[in-house]
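This report refers to the structure that appears directly beneath it.
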Amino acid sequence: MATSKLSICLLFEMIFLAFVFNLANGHGLKNGFYKKTCPNAEAIVKKTIHEVISVAPSLAGPLLRMHFHDCFVRGCDGSVLLDSPTRQAEKDAIPNLTLRGFQIIDKVKAALEKECPGVVSCADTLAIIARDVTYEVMGPFWEVETGRRDGKVSIANEALINLPPPFANISALKTTFALKGLSVKDLVVLSGGHTIGISHCSSFNTRLYNFTGKGDTDPTLDPNYIKRLKLKCKPADQNSIVEMDPGSFKTFDQHYYTLVAKRRGLFQSDAALLDDSETKAYVKAHANSHGSTFFKDFGVSMINMGRIGVLTGKDGEVRKVCTKVNH
Ligand code: HEM
């Protein structure tokens, strides 16, 4: 009885928080914010990203992931890009050590600065890049709202606290997303980002070798898939990499849901989508369907994610160089 009262209270608290965050989220953003001040901004990003992804398609994954890691920590304010001389910035935190492609952000930003100095924020640059890399690898296109400004603070520990770990269960995932004003649908849709990219063995090795500390495997992972994964990842292997959606890891498609439905999602957080009725229904519906709503849904959820805790108006600044605050 007491437990059910507690969960009802928690549920209301989550709904309330989601409501409050939704009111605050995205305030001051709009489509075409740079229409007058830097009319070519989006074309510049598009061109540079097209050049980069045509020669290095494997950078699409980390660049999409980077926007997620930016938005979940202090809002989408470019704080993930800041350098710290003492290695205490977000990018120095464990979940961010596997981020790649910072040099691409710098390249795009330099092109933007050349055309319109001090106008386009790093946070917006990241949001547009996330859309453009997705589109470059055959994914959906959506209008990116712009007008974000850059934060001046970046703290490693905040990344550790705010980014969901790969071993998160469904209730932890739902809470983390609700705290950012994102819905359960956003959770299952955005997890579909795992249709592209790679993972290091270290992110899921316990599922293969030592799930409960007794040298066992994760019973929710397909045993045949475990055999295949073990060929790539040896017990203490931290560095080898595997494709998250084998066979089409460079193509944005809905095959992620087919994998999850077959109990072949790589992380516990992927498998956890089968532990909630709403997320499970979405996974099942998208595992086989051809006339899928996934592409449209992904664009909508990316817009929702891009609204988290943004700085607008006179808050923050527009950094000249994304790795350091202006002086
Ligand atoms: C729901 C909670 C999530 C968890 C627990 C999670 C966790 C992870 C982990 C552990 C990796 C592998 C890192 C490595 O070992 O190199 C990864 C990769 C990736 N994640 Fe997520 N993620 C989540 C949500 C998202 C979201 C919302 C997006 C974007 C919409 C996303 C996009 C990606 C991409 C594209 C990669 C591949 C990166 C690469 O190729 O280097 N993830 N994620």
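The values are calculated or read from the model by the stated rules, or taken from the named source; none is laboratory data. In this text the structure is predicted, and so the values were computed from the model without any measurement. No Cβ is skipped: glycine too gets one built from the backbone with ideal geometry, and neighbour counts run over all protein chains shown.
Tabulated data for the structure shown
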item	result
Of residues in the range 287-313 being touching a residue at least 60 places away in the same chain (Cβ under 8 Å) and away from the ligand (no atom under 16 Å from the Cβ), the one nearest to residue 254 (Cα to Cα)	310
Answer residue from the range 156-171, given it is more than 15 Å from the chain's Cα centre (by Cα) and under 25 Å from residue 319 (Cα atoms) and is surrounded by the fewest Cβ atoms within 10 Å (Cβ to Cβ) among those	157
Test for residue 130: is it part of a helix (DSSP H, G or I), aliphatic (A, V, I, L, M), within 16 Å of the ligand (Cβ to nearest atom) and within 21 Å of residue 294 (Cβ to Cβ)	yes
So residue 153, is it closer than 21 Å to residue 179 by Cβ, in contact with a Ser or Thr (Cβ under 7 Å, 6 or more places away or on another chain), surrounded by fewer than 17 Cβ atoms within 10 Å (Cβ to Cβ) and not charged (D, E, K, R)	yes
Residue in the range 201-209 that is within 29 Å of residue 131 (Cα to Cα), crowded, with 18+ Cβ neighbours inside 10 Å and hydrophobic (A, V, I, L, M, F, W, C) present	yes
Test: residue in the range 122-139 that is of a type in the set (A, V, I, L, M), surrounded by fewer than 23 Cβ atoms within 10 Å (Cβ to Cβ), over 29 Å from residue 276 (Cα atoms) and touching a strand residue (DSSP E or B) at 6+ places or on another chain (Cβ under 9 Å)	no
Residues of the range 184-211 that turn out to be within 8 Å of the ligand (Cβ to nearest atom) and assigned to a loop (DSSP other than H, G, I, E, B), as a count	3
Some residue of the range 225-244 being more than 22 Å from residue 56 (Cβ to Cβ), aliphatic (A, V, I, L, M) and at pLDDT below 95	yes
Any chance residue 219 is under 22 Å from residue 165 (Cα atoms) and exposed (fewer than 14 other Cβ atoms within 10 Å of the Cβ)	yes
Meets criteria (hydrophobic (A, V, I, L, M, F, W, C), away from the ligand (no atom under 13 Å from the Cβ) and more than 23 Å from residue 211 (Cα to Cα)) for residue 155	yes
Inter-residue pairs, beta-carbon under 7 Å, first in contact (Cβ under 8 Å) with a residue 24 or more places away in the chain and in the range 206-222, second of a type in the set (Ser, Thr, Tyr) and buried (at least 16 other Cβ atoms within 10 Å of the Cβ), 6+ apart	207/217; 208/217
Residue that is more than 16 Å from the ligand (Cβ to nearest atom), assigned to a helix (DSSP H, G or I) and more than 21 Å from residue 61 (Cα to Cα), where the choices are 280, 284, 214	284
Test set (1) exposed (fewer than 15 other Cβ atoms within 10 Å of the Cβ); (2) in contact with a helix residue (DSSP H, G or I) (Cβ under 8 Å, 6 or more places away or on another chain) - residue 214 fails condition number	(2)
Looking only at the range 222-250, and only at residues there that are among the hydrophobic types (A, V, I, L, M, F, W, C) and within 16 Å of the ligand (Cβ to nearest atom), the one that is surrounded by the fewest Cβ atoms within 10 Å (Cβ to Cβ)	236
Out of 181, 147, 139, sole residue that is of a type outside the set (S, T, N, Q), out of contact with any helix residue (DSSP H, G or I) (no Cβ under 6 Å at 6 or more places or on another chain), under 26 Å from residue 254 (Cβ atoms) and in contact (Cβ under 8 Å) with a residue 24 or more places away in the chain	139
